[in-house]
Every structure is written in structure tokens, then in C-alpha cells.
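Just below is one structure, and these are the notes that go with it.
The values are calculated or read from the model by the stated rules, or taken from the named source; none is laboratory data. All values reported here derive from a predicted model rather than from experimental measurement. Using ideal geometry, Cβ is built from the backbone for each residue, glycine included, and neighbour counts are taken over all protein chains shown.
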Amino acid sequence: MRAGALVLLAFGFAGTASAGQLEDAKAALEHRHCSVALGLWRPLAEQGNATAETGMGILYENGCGVPKDETQAVAWYQKAAGQGDAEAEYRLGERYVLGYAQPA
């Protein structure tokens, strides 16, 4: 299921210059090239790109390229969900159901 969860990155890739980076990060993750995905997503996430923020959450949730950290995963999902990212909203809901976080 973890592999399926990693591949389930059906994000809507909106944007301009970052769209290629988002696609490259998705492809890297599908091939378990976690450090590549991290390197592509982190700068975009730090600039507030919701898709990249969700990607960062996935990396932390799965310990892919970073230490597994549910608290960090939740923080990234919350940022992306706050911008209306459906994938982040879903994953954040999962974190609540699994007891990794509490709704505010």
C-alpha cells in the first residue's frame, strides 16, 4: 500500500515555470529517487506552492529522503490544504483518522 500511496500523486499541476519541476519531482518519487524529489519540491514548497507542499508531506509521511516524521507531514499538509489542495486535504484527513494529528 505504501508504494501505491507514493505513486498516487494525482496532483493538478497548475503553474508556470514550476510545472516542469513538479512533474520531474513526481516522476522521481515514482522511481523512489527520494532525494531528487526532495531537491525539486523543497524550494517550491518554501515559496508556498501547494502541490510541492503536499509532496513534502508525502516525503515526511513515508520517510522518503527525510526521516519519517508525522508531525512534519501534517504541517506540510496543513499548509497545502489551507490553499485548497485536495490531495493535501485528503491526506490530512487520514492523519486525523489515524491519530497523528488533531483538527484545530
### Query
So G99 clears everything in (1) at pLDDT below 95; (2) exposed (fewer than 14 other Cβ atoms within 10 Å of the Cβ); (3) in a helix (DSSP H, G or I) except one condition, right? Which one?
(3)
### Query
Which one of these is in a helix (DSSP H, G or I) and at pLDDT 95 or above: A3, A45?
A45
### Subset of the stretch 61-78 [in contact with a helix residue (DSSP H, G or I) (Cβ under 6 Å, 6 or more places away or on another chain), under 19 Å from P43 (Cβ atoms) and surrounded by fewer than 23 Cβ atoms within 10 Å (Cβ to Cβ)]
C64, G65, V66, Q72
### Task
Could you pull out the residue among E61, E94, E53 that is in a helix (DSSP H, G or I) and either of a type in the set (V, I, T) or closer than 19 Å to G20 by Cβ (or both)?
E53
